[in-house]
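K.L.:
My structure is below; once you've seen it, I'll send some questions.
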Amino acid sequence: MTPGATPGTASRTTRGAGPLDGLAPRWRAHPWVRVEAPARQVVAAASSPAAAVLLVAADDRGVPGAAPYLWALGDPDAAHALLARESTRGGILTDGAAPLVLGGGCVPRGTPALTTPGAPALLRRAATSDWDWFWTSIDPRPPRGAGAGGTVRELRGARDLAAASAAQAVGNPRAELAPTTDGTRWWGWCDDGGTVRCVVGARVRPAGWELGGIGTDPAVRGRGAATATLAAAVREGLRHAEDVVLGMYADNVAGRALYEGAGFVVGQRFAGWRTAT
């Protein structure tokens, strides 16, 4: 069963103050809602037995956008039905009599494009990316010998963060989270010479730390550097929050093995859009 699905729960819609109060209890307890909703400023929500839809005002950094973002959770077909329902007059995806303009969004992967006449334009076209949202609340237990030949430590100060940026440029030049990002902490695997060869970053949030910016120098891959560094970041995150989460493009086979090996599980498989056109 999809996390959050509650057979027999009546559909419901809420706006304004306390919008999460209108979601079925298991949807309010869904790991994505528990971890992501506090920072993203939910302004409206709707749910059915097998899906939930939330409109949020801000991105994962808590920065408001010019238009709301949409997040849908649960079963793809149930999400499609709920999105269609909320695109009719009076639904949360309408702006008076007009379709709501969205700044971006994500729906369960496999959700059909909407054909409802009043649906937002974003939902009537194909998604631009497929990705998975992972979470864990389990202290990782890396295999014996992971990261041998180097040392994992937290990277602090301007010199360390410059080294982290250099390592990331080699190991993951397209990373979205950078060592220069405010509100982040970083860990690195350093070789015997002290050079940072692998990095893992964490956006520090009270409801759950979000990992990102993960990169490993190809020259040291296969030595467990990423496994050991990831474990250190997760362990520290779980000292401060109930959950640690991360996002990964669906075709990242090596990343999937790394994260599942560290105890992460998929909370939702998403298809998404960056911006509306």
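The values are calculated or read from the model by the stated rules, or taken from the named source; none is laboratory data. As the structure is a prediction and not an experimental result, all values here were calculated from the model. Neighbour counts run over all protein chains shown; Cβ positions are idealised from the backbone, glycine included.
K.L.:
Check ALA119 against each of (1) touching a residue at least 60 places away in the same chain (Cβ under 8 Å); (2) farther than 30 Å from VAL234 by Cβ and name the one condition it does not meet.
P.N.:
ALA119 satisfies every listed condition except (1).
K.L.:
Also: Under the condition of being assigned to a loop (DSSP other than H, G, I, E, B) and more than 30 Å from GLY267 (Cβ to Cβ), which residue from the range 189-212 is nearest to the chain's Cα centre (by Cα)?
P.N.:
This residue is THR195.
K.L.:
Please find, among ARG153, ARG174, ARG239, the residue that is within 23 Å of ASP132 (Cα to Cα) and not small (Gly, Ala, Ser).
P.N.:
Criteria check complete, one pass: ARG174.
K.L.:
Are any residues in the range 156-174 among the hydrophobic types (A, V, I, L, M, F, W, C) and within 9 Å of VAL196 (Cα to Cα), and if so, which ones?
P.N.:
ALA163, ALA164, ALA166, ALA167 - these are the residues of the range 156-174 that are among the hydrophobic types (A, V, I, L, M, F, W, C) and within 9 Å of VAL196 (Cα to Cα).
K.L.:
Restricting the search to the range 237-277, which residues are free of Cβ contacts under 8 Å to residues at least 12 places away in the same chain and under 28 Å from LEU102 (Cβ atoms)?
P.N.:
Correct list: ASN252 only.
K.L.:
Going residue by residue through the range 57-77, is there one that turns out to be at pLDDT 90 or above, in a helix (DSSP H, G or I) and assigned by TED's automatic domain parsing to the domain that holds HIS30?
P.N.:
Yes: the range 57-77 contains one or more residues that are at pLDDT 90 or above, in a helix (DSSP H, G or I) and assigned by TED's automatic domain parsing to the domain that holds HIS30.
K.L.:
Sticking with this structure for a sec: Quick test for you: out of ALA232, ALA250, ALA175, ALA166, pick the one residue that is surrounded by 15 or more Cβ atoms within 10 Å (Cβ to Cβ), in contact with a Gly (Cβ under 8 Å, 6 or more places away or on another chain) and of a type outside the set (Asp, Glu).
P.N.:
Only one candidate qualifies: ALA175.
K.L.:
Can you tell me which condition GLU210 does not meet? The list is (1) farther than 27 Å from ARG40 by Cβ; (2) charged (D, E, K, R); (3) buried (at least 23 other Cβ atoms within 10 Å of the Cβ), and all the others hold.
P.N.:
The single condition GLU210 does not satisfy is (1).
K.L.:
If a residue has to be surrounded by 21 or more Cβ atoms within 10 Å (Cβ to Cβ), over 22 Å from VAL244 (Cβ atoms), touching a Gly at 6+ places or on another chain (Cβ under 7 Å) and not aromatic (Phe, Trp, Tyr) to count, how many in the range 60-78 make the cut?
P.N.:
So the answer is 3.
K.L.:
Conditions first: (1) closer than 18 Å to ALA226 by Cα; (2) assigned by TED's automatic domain parsing to the domain that holds GLY222; (3) in a loop (DSSP other than H, G, I, E, B). ASP182 passes all but one, so which condition is the exception?
P.N.:
Just one mismatch for ASP182, condition (1).
K.L.:
Which residue is surrounded by the fewest Cβ atoms within 10 Å (Cβ to Cβ), if the candidates are limited to the range 12-31 and must be modelled with pLDDT of 85 or more and part of a helix (DSSP H, G or I)?
P.N.:
By that ranking, first place goes to PRO25.
K.L.:
Report yes if some residue within the range 136-149 is in a strand (DSSP E or B), in contact with a helix residue (DSSP H, G or I) (Cβ under 8 Å, 6 or more places away or on another chain) and at pLDDT 95 or above; otherwise report no.
P.N.:
Taking every residue of the range 136-149 in turn, at least one turns out to be in a strand (DSSP E or B), in contact with a helix residue (DSSP H, G or I) (Cβ under 8 Å, 6 or more places away or on another chain) and at pLDDT 95 or above.
K.L.:
Looking at ASP132, is it in contact with a helix residue (DSSP H, G or I) (Cβ under 8 Å, 6 or more places away or on another chain) and at negative phi?
P.N.:
When the stated conditions are applied, ASP132 passes them.
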